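The values are calculated or read from the model by the stated rules, or taken from the named source; none is laboratory data. Values in this document were obtained by computation on a predicted structure and should not be read as measured data. Ideal geometry is used to build each Cβ from the backbone, glycine not excepted, and the neighbour counts take in all protein chains shown. Each accessible area value is taken on the protein alone, full model and side chains, heavy atoms only, with ligands, DNA and RNA left out. Shrake-Rupley method; radii C 1.70, N 1.55, O 1.52, S 1.80 Å.
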Amino acid sequence: MARNNWARRAVVTFGSLALVGSLAACGGGGAGSGDAAGGDSKAPEDIQVGVAMPTETSERWIADGEAVKSQLEEAGYEVFMQFANDDIPTQQQQIDQMITKGADILVVASIDGTALSSQLQAAADQDIPIISYDRLINGTENVDFYVTFDNYKVGVQQATSLLTGLGLVDDKGEKTGKKGPLNIELFAGSIDDNNAHFFWKGAMDTLKPFMDDGTLVVKSKQTKIEQAATLRWSQEEAQSRMEDLITAHYAGGKTKIDGVLSPFDGISRGIQTALTNAGYGKSIKDGLPIITGQDAEIASVKLIQDGVQYATIFKDTRKLASQAVTAVKSYAEGTEPEANDTESYDNGKKVVPSFLLDSDIVTADNISSLLVDSGYYTAAEVKAGQTK
């Protein structure tokens with residue numbers, strides 16, 4: 001019997017009952033709130049958890065890593081965490097090292113959701129449970145659970161914030177009757193990130209009625225995710241593409257861009273730089289288009305407060321980390337983590353049981369209530385545009 005069968009034995013014996021329990025648990029209390037499935041368990045101090053994070057170049061992923069590590073350590077687990085600097089071979093090597101060094105459970109936020117098959121097979125061969133963290137791991141049966149936000153809803157929120165900023169809907173989501181046409185351009189995330197497709201679908205489903213009736217116009221006609229994608233969510237690539245769009249479709253200033261759908265704050269900042277350099281001004285008041293975002297990075301939160309970026313989506317990484325820790329506890333106790341979604345996330349080999357969290361739209365009006373009052377940032381950090 002493999003070394004870590006204590007952790008996975010319950011999953012095997014629980015079998016189809018776990019799926020039935022997950023279906024019954026929609027809207028339940030969290031990833032580990034189900035009944036025990038039997039099987040062996042170990043004390044936290046006897047368990048090593050390997051945590052693979054994609055990059056330290058994004059403030060968001062630094063916060064995720066710190067939250068997961070600190071919460072696991074508070075629960076008594078030994079933690080081996082590494083960041084891969086957005087380099088796929090590095091992440092592959094890091095996961096190999098985690099397995100070699102005796103990881104009992106893996107928490108993986110992948111760079112490319114299709115690039116870890118051999119590493120995850122090696123983990124499965126040693127009966128190591130694998131929790132996919134925020135980015136779904138695709139093309140393998142060797143992923144046991146997924147913790148994330150409701151990514152389709154995130155896309156809906158991004159599009160809704162664009163519509164609100166453009167004055168087409170009010171704060172209740174009702175149409176205001178404002179007439180177009182208004183020119184917008186569309187940006188998507190990295191095409192190898194499964195979440196980017198959910199964000200895109202949620203956003204496009206929301207914008208489509210306004211595009212169909214001519215209220216919104218994409219002058220570049222780049223309305224497919226393959227055209228709008230931004231590899232590795234790169235700020236520099238987003239700036240370059242925005243510059244190209246301006247040159248090709250808005251040269252001479254006769255036609256201006258009214259809004260930009262952006263799926264991530266780093267991409268938003270690249271877009272803003274390109275637009276400001278092209279003479280659109282330094283703020284919305286001065287002529288910048290309405291620009292959306294995601295992740296509530298502190299630099300972008302300050303830009304929202306200063307009237308430069310219109311909105312971002314707040315995904316509380318503390319809550320996501322808590323769900324990952326709850327799933328770890330379930331496996332450590334020989335039980336099956338409880339899902340609240342067993343239909344949405346098909347990775348090409350299986351539907352991965354998932355726990356989805358809610359997110360919030362942040363504008364200048366609710367920075368204090370959502371981010372400061374909750375303790376996510378301090379007022380001083382927002383004012384400075386950087387964390388201590």
Task: Separation of the Arg318 and Ser240 label points, Cα + 7 Å toward Cβ, nm - done: 3.9
Open item on the list: I need the calculated FRET efficiency for the pair Asp205 and Leu231, taking r as the beta carbon distance and R₀ as 30 Å, to the nearest 0.05.
Closed with: 0.80
Task: Surface share of carbon and sulfur [accessible, 1.4 angstrom probe, percent] for the range 70-117 - done: 41
Open item on the list: Running a GNM on the chain with Cα contacts under 10 Å, which residue among Phe83, Phe210, Phe187 ends up with the highest mean-square fluctuation?
Closed with: Phe210
Open item on the list: Going by average Cβ density within 10 Å per residue, which order do the peptides 277-286, 339-348, 45-54 take, highest to lowest?
Closed with: 45-54, 339-348, 277-286
Task: Residue-normalised accessible area of the chain, expressed per residue, 1.4 Å probe, Å² - done: 41
Task: Neighbourhood charge, 14 Å Cβ-Cβ cut-off, centred on Asn340 and excluding it, Lys, Arg +1 and Asp, Glu -1 - done: -4
TODO: Quickly estimate the mean residue ellipticity at 222 nm for the chain, helices only: each DSSP H run with n ≥ 4 gives -39500 (n - 2.57), and the total goes over all residues, rounded to 500.
DONE: -12000 deg cm²/dmol
- [ ] Please give the net charge around Ala299, taking every other residue with its beta carbon less than 13 angstrom from that of Ala299, where Lys and Arg add +1 and Asp and Glu add -1.
- [x] -2
Open item on the list: If I compute solvent accessible area with a 1.4 Å probe over the protein chains, what percent of it on the range 204-335 is carbon and sulfur?
Closed with: 49
Task: Within the range 152-170: backbone nitrogen closer than 19 Å to the Lys285 label point (7 Å, Cα to C-beta) - done: 165-167
Task: C-alpha center-to-center spacing [the range 206-243, the range 284-337] in angstrom - done: 22
Task: Relative contact order (%) - the chain, alpha-carbon pairs under 8 angstrom, separation at least six - done: 22
Task: Crossing angle, helix 265-277 versus the chain [Cα axis fit, 0-90 degrees, rounded to tens] - done: 20
- [ ] Please give the helix 235-249 orientation as an angle from the longest Cα principal axis of the chain, in degrees from 0 to 90, rounded to the nearest 10.
- [x] 30
TODO: With everything on Cα atoms, drop me the angle between helix 151-165 and the longest principal axis of the chain, reported from 0 to 90° to the nearest 10.
DONE: 20
- [ ] Filter the cross-link list Lys175/Lys219; Lys153/Lys319; Lys208/Lys254; Lys315/Lys350 down to pairs whose alpha-carbon distance in this structure exceeds 20 Å.
- [x] Lys175/Lys219; Lys208/Lys254; Lys315/Lys350
TODO: Treat each spin label as a single point 7 Å out from the Cα along the C-beta direction, and report the Lys350 to Thr255 distance in nm.
DONE: 5.0
- [ ] Would you mind calculating the gained length between Thr387 and Gln97 on full extension (0.36 nm times residue separation, minus the Cα-Cα distance), in nm to one decimal?
- [x] 101.2 nm
Open item on the list: Please compute the length gained on full extension between Ser374 and Ala299, using 0.36 nm multiplied by the number of residues separating them and subtracting their Cα-Cα distance.
Closed with: 25.2 nm
